[in-house]
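Here is the structure we will look at.
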Amino acid sequence: MNSRMTPQPHRSIPAMVPPANCFTILVIDDMLPNRVLLRKVLKGAGYAILEASNGIEALDLLRDQSISPDLILTDIEMPVMDGITMVGQIRLLENALARVPIIAASGNADEDMRRGALGAGSDVFLTKPFDLGALRREIASLIKSRRQVVPPRSQGNLLASSLNRIEAPLNEAN
């Protein structure tokens, strides 16, 4: 063993870095400095970033169907359409986007806001300012758990019925 190596992980390398541009995050915040900071941190961690400045702009992007983010990170308090209303609208969409993991956040968080965000369909509620390491870990965890989702039963039943149709003629031949 190399005596110069330490058993501690290097602090500048995040534990779970996805391949560059492998996953896309939609960042929604009315404050440009917040979007710039999140863009810099998340791009540095290998994520592709899309941005919107309010809930209406985000919904327009999502309904356009030209984008399909792997995760949404949204502020709660925004003009035009707040984050809680927007999360509720996303969960009502009739496509795969309705199941995209959502992290809601606010700098003026209280228990009612947290309950409202989670009740609307957010997966996680965070308080600003972010612990950026914890934010990256939460994002990686949500994306990883989304990728490990078991297919719905109906797809499994289709597979089983297809296999039964294939096996039936084989059994009859014996």
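For the reader, a short list of remarks on this structure follows.
Every residue, every condition in (1) small (Gly, Ala, Ser); (2) within 23 Å of SER145 (Cα to Cα); (3) touching a helix residue (DSSP H, G or I) at 6+ places or on another chain (Cβ under 7 Å), yes or no:
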residue	(1), (2), (3)
ASP30	no, no, no
ARG35	no, no, no
LEU42	no, yes, no
ALA45	yes, yes, yes
GLY55	yes, no, yes
ILE67	no, yes, yes
MET81	no, no, yes
VAL87	no, yes, yes
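- All conditions in (1) modelled with pLDDT of 90 or more; (2) over 23 Å from ARG35 (Cβ atoms) hold for ALA105, with the sole exception of (2).
- Among residues of the range 29-86, those that are free of Cβ contacts under 8 Å to residues at least 40 places away in the same chain, among the small types (Gly, Ala, Ser) and under 25 Å from ASP110 (Cβ atoms), counted: 4
- Residue pairs whose Cβ atoms lie under 9 Å apart, sitting 6 or more positions apart in sequence or on different chains, and linking a residue in the range 106-133 that is on the phi > 0 side of the Ramachandran plot to a partner that is assigned to a helix (DSSP H, G or I), are GLY121/VAL87; GLY121/GLY88; GLY121/ILE90; GLY121/ARG91; GLY121/ALA98.
The values are calculated or read from the model by the stated rules, or taken from the named source; none is laboratory data. Worth saying up front: this structure is predicted, and the values here are computed from it rather than measured. Positions of Cβ are backbone-derived with ideal geometry, glycine not excepted, and every protein chain shown enters the neighbour counts.
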